[in-house]
1. If amide hydrogens are placed 1.01 Å from N in the peptide plane, which non-local residues have theirs closer than 5 Å to the one on Gly123?
2. With N residues in the chain, what two-decimal value do you get for its Cα radius of gyration over 2.2 N^0.38 Å?
3. Taking the Cα centre of the chain as origin and charging only Cβ (+1 Lys, Arg; -1 Asp, Glu), how large is the dipole, in debye to the nearest 20?
4. Can you give the FRET efficiency for Ile305 and Asn2, using 1/(1 + (r/R0)^6), R0 = 56 Å, r = Cβ-Cβ distance, to the nearest 0.05?
5. Add -39500 (n - 2.57) for each DSSP H run of 4 or more in the chain, then divide by its residues: what number comes out at 222 nm, to the nearest 500 deg cm²/dmol?
6. Quick one: length gained pulling Val83 to Lys57 fully straight, 0.36 nm per residue minus the C-alpha distance?
7. Can you give me the relative contact order of the stretch 215-322 as a percent, contacts being Cα pairs under 8 Å and 6 or more apart?
8. Would you please state which residues of the stretch 114-137 a label at Ser322 would reach in this model, taking the label point 7 Å out along Cα→Cβ and a backbone N cut-off of under 12 Å?
Amino acid sequence: MNNPLVSVVLSVYNGEKYLDEAIESILNQSYENFEFIIIDDGSSDKSLEIIHSYKDKRIIVISRENRGLVSSLNEGIEVAKGVYIARMDADDISLATRLEEQVIFMEKNLDVGICGTGIIGFGEDIKEKPWLLSSADKTIKTELLFSSCFAHPTVMIRRELIVKNKLFYNEEFLHAEDFELWTRMVGYAKFANVKRALLKYRIINDSITRAANRDEENRYKVIKSIFESYLQRLKIENSEEENRLHFNLSENIRIRDNNIEFSSLESYFSKIIEANNREKIFDNLELKKVLGKKWFWNVYYRKNIKALFSKYFFYGVWSVLSK
């Protein structure tokens, strides 16, 4: 493969259980002009043996000592020959038209630097459920205030965008390296998500990411430094109490598990909206809808009738229905 348009990058560490399915889902893509860079990150199980069992000429194998996912992804990007970098995880399954649909989208939208897709969550004893993400650039970049705006294994990125601007993954943000990277990329290109679920995302209770999320305090420190940096675009400085509130709003499970007062929400949202009115960073309507969705879920979990009459609830319903 001397001139592949796409370089698929997959890193695996002791992932023998699901690796076959992941590899075959890429090799069976309807789109064929790609190289498949598979990095065995020091596995001690049969991962490397499984990789070598495939004789497809598009596969490029890198095997070495364990360095971690972030280092592996950066290495894959550096050796890639393709115009586009397509991410893939060792326990997920790409649907057959994933690469084709993303390439078509990127070729038609030359100002888009990163393109993700929706996902289908699945796993043992889990009913398959599609999850579509926001598709418009202005919405995605507003949602980035609180959390990652892409399903990481689905993204396709223009390699030149990364290399030219030195936008590689940062190892200081382990298990949130994608979220941090997107916040640095916002000023360089438009973002988009294809309005279709094109990857089956395996939900594993003992996965590394889920374990990291359960380590609440360390997770807070990592995530806080990301959203604090992003909030600087609005020239906002938070108190510790506001940072904790922002962190708790970043995922629905945290909204559910924390008793968030609506008075605190209203005060904090007003602070963000006033800063945006001054700095004009985000689309004002999209910002209200993103904040409104947080209000909506707090109403859902708190069962507070009075909160239904807030303007934020209206924007939240609008945001949820527009999905």
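1. The answer is Ile203.
2. On the way: Rg = 20.3 Å, N = 323, 2.2 N^0.38 = 19.8 Å.
Taking N as the residue count of the chain, the ratio is 1.02.
3. Using only the charged Cβ atoms, the result is roughly 1420 debye.
4. Once rounded, the FRET efficiency stands at 0.30.
5. Theoretical 222 nm ellipticity from helices: -14000 deg cm²/dmol.
6. Once the chain is fully extended between Val83 and Lys57, it gains 7.5 nm.
7. Rounded, it is 24 percent for the stretch 215-322.
8. Flagged as within label range: 134-137.
FYI, it's all coordinate maths here, none of it is from the lab. Quick caveat: nothing in here was measured; it's all calculated off a predicted structure. Note that we place each Cβ from the backbone using ideal geometry, even for glycine, and neighbour counts take in every protein chain shown.
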